[in-house]
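Please read the structure below before turning to the comments.
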Amino acid sequence: MNTTIDSVVREWLFESGNTEHKYARALSLALGCLRTLNLDVSGQPVAKLLTVNSNDTVDLPKDYISLITLGIYDTGGKIRPLYPSFTRGKDVVVDSCGKILSPAGNTGISEVIYWEYNDHSFFNFGEITGGMFGLGGGQNMNGYYKINEELGYIALEGYSGGSTIYMEYLSDLSRTDGQFAVHPYIIDTVKSYITWKMVESNLNVALNQKEVFRRNYIIEKKKSVARFKSFTKEEFLQTMRKGNKLAPKF
């Protein structure tokens with residue numbers, strides 16, 4: 001089970017020989033380290049089915065940080081991704097409360113999905129002689145999106161997934177029973193970070209000692225990364241075999 005950040009800070013106080021009066025500062029440093037590690041090391045993606053509004057927008061989750069996947073969740077449990085739109089604008093019409101009233105973005109400019117329709121091909125004596133040329137690659141029959149983080153919504157265009165949309169994203173720190181949880185893989189990293197930051201601005205501590213503490217933090221962070229990225233022998237062999245298109249030699 002994950003350990004609370006309070007217990008990690010109190011462990012550090014006991015191990016380092018510090019008194020309770022340094023608890024508040026140590027807790028603040030631990031939270032800063034935890035936010036950084038959540039982005040770089042320990043953060044796990046959150047998967048949600050979000051409701052599509054009537055004006056082709058989707059409300060961004062309150063804990064959203066960065067997007068991983070956005071697409072259609074089909075009946076087979078597969079994700080058909082949407083592509084980002086490079087032409088849709090961000091301006092919208094809102095009421096006095098800031099609620100979006102009109103379809104999001106500039107409706108005069110849109111990503112047009114040509115290649116999913118047969119009526120955009122050229123015919124001669126009942127046979128297809130070619131399609132629309134000069135459109136560029138990267139067309140997507142599932143639709144397009146544009147994220148407006150300032151107003152907290154996703155603008156959709158050409159979306160064919162119905163009333164819901166599948167989203168995977170990196171979320172902000174979440175609380176467990178009123179406390180921030182610290183994964184066992186990063187406990188030592190958080191402790192070493194507190195030790196380093198506690199003396200970083202202290203003029204009475206020698207520079208070489210500060211460098212030792214900084215290097216200790218980097219080493220512990222590398223250990224945490226390695227632990228999160230660890231895999232089994234079976235997973236390695238399966239990956240090797242799946243990419244081998246010739247007769248298996250092993």
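Bear in mind that the values in this text are calculations on the coordinates, not laboratory data. In this text, all values refer to a predicted model and were calculated from it rather than measured experimentally. Backbone-built Cβ (ideal geometry, glycine too); neighbour counts: all protein chains shown.
The string of couplings for the stretch 39-55 from the Karplus curve (6.51, -1.76, 1.60, θ = phi - 60°) is 7, 9, 10, 9, x, 10, x, 9, 10, 9, 9, 9, 7, 8, 6, 5, 9 Hz, one whole number per residue in order, with x for Gly and Pro. Out of residues 5 or more away from Ser85 or on other chains, whose amide H comes under 5 Å of its own, with H placed 1.01 Å from N in the peptide plane? Result for Ser85 returns Tyr145, Lys146. Across the stretch 61-67, coupling constants 3J(HN,Hα) worked out from phi with the 6.51/-1.76/1.60 Karplus curve, θ = phi - 60°, read x, 5, 9, 5, 10, 8, 7 Hz, and Gly and Pro carry x. Each Lys or Arg adds one and each Asp or Glu subtracts one; over the other residues with Cβ under 15 Å from the Cβ of Ile165, this totals -1. Backbone phi angles across the stretch 227-234, fed through the Karplus curve with coefficients 6.51, -1.76 and 1.60 (θ = phi - 60°), yield HN-Hα couplings of 5, 5, 9, 5, 8, 8, 4, 5 Hz in residue order; Gly and Pro are listed as x. Neighbours of Tyr23, meaning other residues whose beta-carbon lies under 13 angstrom from its beta-carbon, give a summed charge of 0 when Lys and Arg score +1 and Asp and Glu score -1.
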